1. Every residue in region 5-27 that is open to solvent by 50 Å² or more (accessible area, probe 1.4 Å) and either at pLDDT 95 or above or of a type in the set (S, T, Y) (or both), please.
2. Please work out which residue is surrounded by the most Cβ atoms within 10 Å (Cβ to Cβ), limiting yourself to region 169-209 and to residues that are more than 12 Å from I149 (Cβ to Cβ) and among the β-branched types (V, I, T).
3. Step by step: first the residues of region 82-92, then only those that are surrounded by fewer than 22 Cβ atoms within 10 Å (Cβ to Cβ) and at pLDDT 95 or above, then the one that is nearest to L58 (Cα to Cα). Which residue is that?
4. Out of K77, K63, which single residue is open to solvent by 80 Å² or more (accessible area, probe 1.4 Å), modelled with pLDDT under 90 and of a type outside the set (A, V, I, L, M)?
5. Does R135 satisfy the condition of being over 13 Å from the mean Cα position of the chain (by Cα), surrounded by 15 or more Cβ atoms within 10 Å (Cβ to Cβ) and under 17 Å from V95 (Cα atoms)?
6. If I ask for residues that are touching a residue at least 12 places away in the same chain (Cβ under 8 Å) and either surrounded by fewer than 18 Cβ atoms within 10 Å (Cβ to Cβ) or in contact with a helix residue (DSSP H, G or I) (Cβ under 7 Å, 6 or more places away or on another chain) (or both), which ones from region 32-45 would you list?
7. For region 96-117, give me each residue that is more than 20 Å from D53 (Cα to Cα), open to solvent by 40 Å² or more (accessible area, probe 1.4 Å) and part of a loop (DSSP other than H, G, I, E, B).
Amino acid sequence: PVAFDADDQALLNQVVGYYHETLKQSPEALAYLQARGLDSAEAIEHFKLGYADRTLGLRLQKKNRLKGADIRTRLQKIGIYRESGHEHFNGSLIVPVQDEHGNTVEVYGRKVRDDLRKGTPLHLYLPEACRAGTRGVFNLVALQASKEIILCEALIDALTFWCAGYRNVTSSYGIEGFNEDHLAAFKRYGTERVLIAFDRDEAGERGTA
């Protein structure tokens, strides 16, 4: 699924591509999307949604072989593997954030099962030290196409808007996740109006302010 001579960016893109193909063959992941109202073939293709189900490691050479150990070290460097040898996003729906060139600059993972061991985080991003670049802006094409943008609190929320026909949508990374990348993109593409659609709770109100 990955090329041994690829640079870090190409390697991350290839892993995201592998997860994308995995999702389309996974009844568990497709059932999760359906339960969330996101079972849109168009959305799956447009956003390259994926699923991490541990099969990536099975497709690599064994870790006791030189090439197998080397590629796992490289995958650890870009945040796909942990030091423990486990896949970082295992069991997660994958939502890649891509730049204007189609390169993945951030990866969001949402566990598809809720019967997990207590304390297991449901939401994951690439480790801070492993990002290919900045966190980037989700659905950047929306900013290029529209002067009015809906800003959601979470990526799943933004996907929900998109599947409901509101294509002029992007997302911060949680209530405190609106960052310099978002502001720079709004300025760059001449955004004139932002409709903040955070959760209607205390945290959402605080984030909106």
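1. Within region 5-27, Q14, E21, K24, Q25, P27 qualify.
2. I175
3. Start the filter on region 82-92 by keeping residues that are surrounded by fewer than 22 Cβ atoms within 10 Å (Cβ to Cβ), which leaves 82-88, 90-91.
Checking the rest, the ones that are also at pLDDT 95 or above come to 88, 90-91.
Numbers: H88: 15, N90: 13, G91: 15 Å.
Selected residue: N90.
4. On the way: K77 fails: modelled with pLDDT under 90.
Going through K77, K63 in turn, just one is open to solvent by 80 Å² or more (accessible area, probe 1.4 Å), modelled with pLDDT under 90 and of a type outside the set (A, V, I, L, M): K63.
5. Values: over 13 Å from the mean Cα position of the chain (by Cα): no; surrounded by 15 or more Cβ atoms within 10 Å (Cβ to Cβ): yes; under 17 Å from V95 (Cα atoms): yes.
When the stated conditions are applied, R135 does not pass them.
6. Start the filter on region 32-45 by keeping residues that are touching a residue at least 12 places away in the same chain (Cβ under 8 Å), which leaves 32-33, 36-38, 40, 43-44.
Within region 32-45, R36, G37, L38, S40, A43, I44 qualify.
7. Initially, region 96-117 is screened for residues more than 20 Å from D53 (Cα to Cα), giving 98-103, 105.
Then keep just the ones that are open to solvent by 40 Å² or more (accessible area, probe 1.4 Å); that gives 98-101, 103.
Listed by number, the residues that qualify are D99, E100, H101, N103.
Conditions tested, residue by residue: (1) small (G, A, S); (2) farther than 21 Å from F47 by Cα.
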{"position": "R117", "(1), (2)": "no, yes"}
{"position": "T120", "(1), (2)": "no, yes"}
{"position": "I150", "(1), (2)": "no, no"}
{"position": "E180", "(1), (2)": "no, yes"}
{"position": "K187", "(1), (2)": "no, yes"}
{"position": "G190", "(1), (2)": "yes, yes"}
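The values are calculated or read from the model by the stated rules, or taken from the named source; none is laboratory data. Just so it is clear, the structure is predicted and the values come from calculations on it, not from any experiment. With ideal geometry, Cβ positions are generated from the backbone for all residues, glycine too; neighbour counts draw on all protein chains shown. These area figures cover heavy atoms from the full protein model, side chains too; ligands, DNA and RNA do not enter into them. Shrake-Rupley method; radii C 1.70, N 1.55, O 1.52, S 1.80 Å.
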